[in-house]
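Here the structure is laid out as structure tokens; the discussion comes afterwards.
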Amino acid sequence: MDKDLLSVRIDERARLGLGRTFQVPRSFENMTAYENIMVSAICGGQATQRDAAKRAQEILELIGLEDKALMLAGSLKLLDRKRLEIGIALAPCPKVLMFDEVAGGLTESEVSNILDIVTSLKKHGYSIIWIEHVIQTMLNGTDRVLLLADGCDIICDLPQIVLDSNEVEKVYLGVRKK
């Protein structure tokens, strides 16, 4: 793609096949989880209301929110709001998902829940670019890890290789392994 995505409206980015979450959930708080996903499918994916309703139901099951479909997004706990963020990103049928700190602020068991969703998404063929600081997600949810520092690529490799590298210690601790 030879298009500057910074100059493209959000709905157009969705139609180009990009889905994204936000570090701080940005759902419509006075709408239900179901309605949030429907809006994303209709506005971002240009789905008909009938197709959006079907898609919303499928996504709610995939992200484990089918029992909270009719709850207002603003009343959901953090884990459920993060799962809803993923659902909203999935609604327009993206080719690539971009996750921004989707595990941030969650407990270890809640992070495991997000990892289960990611595992399922990968099995469904989604490509995921994931910005994250939670080590558990890097080790168990990714195929490759890219360490960035001061806007530069430092190392990109298998998760354990990156985490064991001298570069990680140097960048984050200012020391070098012996």
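Restricted to the range 1-35, and to residues there that are of a type in the set (Ser, Thr, Tyr) and modelled with pLDDT of 90 or more, the residue that is surrounded by the fewest Cβ atoms within 10 Å (Cβ to Cβ) is THR32. Within the range 36-63, the residues that satisfy the criterion of being buried (at least 17 other Cβ atoms within 10 Å of the Cβ) and not aliphatic (A, V, I, L, M) are ASN36, SER40, GLY44, GLY45, ARG55.
For (1) in contact with a Leu (Cβ under 6 Å, 6 or more places away or on another chain); (2) on the phi > 0 side of the Ramachandran plot, each residue gets a yes or a no:
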position	(1), (2)
GLY17	no, yes
GLN23	no, no
ARG26	no, no
GLU29	no, no
ILE37	no, no
ILE42	no, no
ARG50	no, no
ILE59	yes, no
ILE63	no, no
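Out of curiosity, is ASP164 at pLDDT below 95 and under 30 Å from LEU16 (Cα atoms)? No: the conditions fail for ASP164.
Remark: ARG55 falls outside the filter, which requires a residue to be farther than 21 Å from GLY125 by Cα, charged (D, E, K, R) and either touching a residue at least 12 places away in the same chain (Cβ under 8 Å) or assigned to a helix (DSSP H, G or I) (or both). Of all residues assigned to the range 27-34, at least one qualifies as being touching a helix residue (DSSP H, G or I) at 6+ places or on another chain (Cβ under 8 Å), among the acidic types (Asp, Glu), more than 19 Å from TRP130 (Cα to Cα) and outside any helix (DSSP H, G or I).
The values are calculated or read from the model by the stated rules, or taken from the named source; none is laboratory data. Since the structure is predicted, the reported quantities are computational estimates derived from the model, not experimental observations. Positions of Cβ are backbone-derived with ideal geometry, glycine not excepted, and every protein chain shown enters the neighbour counts.
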